[in-house]
Every structure is written in C-alpha cells, then in structure tokens.
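Trainee: Here it is, the structure, as structure tokens.
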Amino acid sequence: MSEPHTNLEHSIDTATGQEAPASVSSERVKKIFTDIAWNYEKFNKYSSFGQYRSWLRTLIDKSPITSDSLMLDIAGGTGDVTFTACERKQPASIILSDYTPAMLEVAQARLDAGEARGVAVELAVVDGQDIPYEDESFDIVTMSYGIRNMPEREKALSEMYRVLKKGGALCILEFSTPPNPLMRLGYRIYLRWGIPAWGKICTGDASGFVYLAKSINAFPDQEGFSQMLRNAGFSRVEYTNVTFGVAAVHIAYKD
Ligand SMILES: C[S@@+](CC[C@H](N)C(=O)[O-])C[C@H]1O[C@@H](n2cnc3c(N)ncnc32)[C@H](O)[C@@H]1O
C-alpha cells in the first residue's frame, strides 16, 4: 500500500483549477445538473456521437466486478454506470448515489422501468466528498464524470479509499487529454464551440456546457490524475484511453 500524502483541506474552482472555496463549484454544479437532468442522456448521446455507451462498457469491462461484489456508484447521476454494470456483470448489490436529487429522479424512473435486471439497486443522496458509509464497506467504487466536478478532490479520493475493502478497486471514467497533438487541437476546438452548441440544442441553454468544456480543460491529464490516485494511497494504478484519449478509464486498488 502507498502512504497517502494529500492536503484534505484543499479546494479549487473546478472551472479553472485555481484555489477557491468549495461552495463556488458545489453550488454551480448542483444547479447545472438540476436544470439538465431530464435532457442529460440526449446531450451525452449527441455530443459524443454515440461513443459514450462504448466508454461505459469499457469502464465496466475493465472493472473487477464479480457476482459477489458490493458496489458503490458515486456521482452516479441518472444511472448510466449502475445500469451498465447490471447489464454486463450483475454484482450482488449497488448503491447508486449522487448529491443532486433531480438526477436520481431520472435514475428512479429507469429503475422502475426494470433496468436493474434483478440486481439489488438502492438510490441514495450522497456527497462523494463526505461519504456516509463505514470504513471498508465496498468491493468496488465506481465514478464516471464525477471527480472533475468535485472541488475537494483529495478529500473525495480519500473518502473512496476509506470505504473500499482491502483488495477493492476504484474504477473511474473521466474526460482526459488526447496524447496526439493534432487530436488534442481538434478536441480543444470541439470543446470550445461544439459542446456548447450541442448543449443549446439539447437543453435550450449553453451556459452549463461552457462550464463543462472549461472543467475538462482544467482537469489533469492521464498521468496527472494517476499521480493523484497514488497520492491518495491507491496502488496498481492503471489507465486505458478511449477514443484517442478524449476520455480514460482509471483502475486503482486499495492493497
Ligand atoms: C456528468 S454527471 C455524471 C453522471 C453519471 N456518472 C454518468 O456517467 O452519466 C456528473 C454528476 O456528478 C454529480 N456530482 C457532482 N459533484 C458531486 C459530489 N460532490 N458528490 C456527489 N455527486 C456529485 C452531479 O450531480 C452529476 O449527477
């Protein structure tokens, strides 16, 4: 096991990466996701040209989930990670958590429609930076597109580490940085112009999507985020790029 060495009091503005009180980002992010909850899936589908489903599949396929796994999905939103896990791996149980109740309302509708396929799925309002579960409660913690939106990232990773059992895995899907300079340039242009345009088409308001693009630009690249995971105490830290490194799946263990 690596020794954790992080400042748990550190907080940033998630749009810029600069030091700022946590409330600046937390309140902004909660409002954005409350406003777009029922259009969230449509935006994902169009803005990623349908790629987002294959990224979710890669996340679940790389995650060491078994039929005995007790799984916690942090920042689980409308349930994409949870329901993909139900479809592909059928863990013993999943707590699908998020701190925006409007996103969980959509998840509840999907649960009611049978997307859990018999897996025991429970919904919970949880802040990923202050997790209300006991130490060593879960085999698997998943999170897609959550950590980038959290102003207290060190605290969040330390909380996820705390609630994992020894030998358990943290499995994260997050936007990242294409290593190829030409792809990177194309991606930056798409973030600047394409993402807000899709946001306006899908939800009628581009402002939340201008934030999305800024937060992606301000997020550490694959190596930088891997180092944050090591700093939080995780070992066997690995990542897999998807679609030229536009996003990456990170797997890290608590040994
Ligand atoms: C881009 S959505 C991702 C949702 C889902 N994981 C998916 O892949 O579709 C980001 C989610 O993070 C949630 N979130 C942001 N900060 C959070 C925090 N501190 N604790 C828990 N959830 C948070 C938001 O409410 C939102 O539902």
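Trainee: Restricting to the stretch 196-234, and then to whatever is outside any helix (DSSP H, G or I) and of a type in the set (G, A, S), can you tell me which residue is surrounded by the fewest Cβ atoms within 10 Å (Cβ to Cβ)?
Mentor: Across the stretch 196-234, the extreme among qualifying residues is G204.
Trainee: May I pose another question? Listed residues M150, M103, M160; which is out of contact with any helix residue (DSSP H, G or I) (no Cβ under 7 Å at 6 or more places or on another chain), modelled with pLDDT of 95 or more, within 14 Å of the ligand (Cβ to nearest atom) and aliphatic (A, V, I, L, M)?
Mentor: Numbers: M150 fails: out of contact with any helix residue (DSSP H, G or I) (no Cβ under 7 Å at 6 or more places or on another chain); M103 fails: out of contact with any helix residue (DSSP H, G or I) (no Cβ under 7 Å at 6 or more places or on another chain).
Only one candidate qualifies: M160.
Trainee: Among the residues of the stretch 241-255, how many are in a strand (DSSP E or B) and crowded, with 17+ Cβ neighbours inside 10 Å? Spell out the reasoning first.
Mentor: Let us first name the residues in the stretch 241-255 that are in a strand (DSSP E or B), namely 241-242, 247-253.
From what is left, the residues that are crowded, with 17+ Cβ neighbours inside 10 Å are 242, 247-253.
Of the residues in the stretch 241-255, 8 are in a strand (DSSP E or B) and crowded, with 17+ Cβ neighbours inside 10 Å.
Trainee: Pick from the stretch 53-71 the residues that are in contact with a strand residue (DSSP E or B) (Cβ under 8 Å, 6 or more places away or on another chain) and within 11 Å of the ligand (Cβ to nearest atom): which of them is nearest to E238 (Cα to Cα)?
Mentor: L59
Trainee: Ok, one more. When only residues in the stretch 223-255 that are out of contact with any Asp or Glu (no Cβ under 9 Å at 6 or more places or on another chain) and free of Cβ contacts under 8 Å to residues at least 60 places away in the same chain count, which is farthest from G50 (Cα to Cα)? Spell out the reasoning first.
Mentor: Going through the stretch 223-255, the residues out of contact with any Asp or Glu (no Cβ under 9 Å at 6 or more places or on another chain) turn out to be 223-224, 227, 229-230, 237-238, 240-244, 246, 253, 255.
Next cut, free of Cβ contacts under 8 Å to residues at least 60 places away in the same chain only: 223-224, 227, 237-238.
On the way: E223: 26, G224: 27, Q227: 30, V237: 28, E238: 25 Å.
Per the criteria, the residue is Q227.
Trainee: Quickly run through the stretch 105-124 and pick out the residues that are closer than 29 Å to S11 by Cβ and either aromatic (F, W, Y) or touching a Ser or Thr at 6+ places or on another chain (Cβ under 7 Å) (or both).
Mentor: V106, A107, A124 - these are the residues of the stretch 105-124 that are closer than 29 Å to S11 by Cβ and either aromatic (F, W, Y) or touching a Ser or Thr at 6+ places or on another chain (Cβ under 7 Å) (or both).
The values are calculated or read from the model by the stated rules, or taken from the named source; none is laboratory data. All values derive from a computational prediction rather than experimental measurement. Note: ideal-geometry Cβ built from the backbone for every residue, glycine included; neighbour counts use all protein chains shown.
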